[in-house]
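Take a look at the structure set out below.
Computed from the coordinates by the stated procedures, all read-outs in this text should not be read as laboratory data. It should be emphasised that the depicted structure is a prediction, and the values quoted were computed from it without experimental measurement. Here Cβ is always computed from backbone atoms with ideal geometry, including for glycine, and neighbour counts include all displayed protein chains.
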Amino acid sequence: MFKLSAAVEVEVPFHDVDAMNVVWHGHYVKYFELARCALLRCFDYDYPQMLASGYLWPIVDCRLKYVRPASYSQRLRVEATLLEYENRIKIGYEIRDAATGGRLTKGSTIQVAINATTRELQFVSPPIIFSNLERACAG
């Protein structure tokens with residue numbers, strides 16, 4: 001089983017906070033997305049490559065656990081880790097304060113492969129996932 005992780009750093013912009021000066025809960029999903037794209041690029045299977053391979057990968061499940069709030073101008077470290085890939089892509093996330101390392105949020109997403117032409121659900125991940133992961137982990 002391959003274990004890949006990628007992290008991005010985000011500075012919380014003013015437009016992401018609410019009247020209480022904390023990040024509105026829905027923006028954490030956006031931060032997950034930034035880290036997810038960085039992770040997918042690690043094995044050359046970001047969204048353009050997904051489409052080019054003939055598959056769509058909708059998110060069918062998203063879970064978040066808020067531990068502590070983030071606030072305006074706080075620097076966050078958002079890490080995405082590939083947890084499963086054989087039949088679906090499951091990614092785990094942690095958002096931490098970049099300065100202290102304190103955990104703020106954790107969660108996961110699940111994506112499934114859909115044939116882009118027929119729109120049929122694929123019960124096993126396409127072979128390109130396995131070959132790209134082998135190449136990425138060999139290098």
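Numbers below:
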{"read-out": "Debye, to nearest 20: dipole size of segment 1-70, +1 on Lys, Arg Cβ, -1 on Asp, Glu Cβ", "value": "280 debye"}
{"read-out": "Reach of Lys3 by Cα under 19 Å, taken over aspartates and glutamates that are not fewer than 8 positions away in the same chain", "value": "Glu33, Asp44, Asp46, Glu79, Glu84, Glu86, Glu94, Glu134"}
{"read-out": "Burial ranking of peptide ranges 14-24, 99-109, 68-78 (average Cβ count within 10 Å, highest at the top)", "value": "68-78, 99-109, 14-24"}
{"read-out": "Between segment 26-58 and segment 71-119, the Cα center-to-center distance that results, in Å", "value": "10 Å"}
{"read-out": "0 to 90° range, to nearest 10: angle between helix 27-42 axis and the chain longest Cα axis", "value": "40 degrees"}
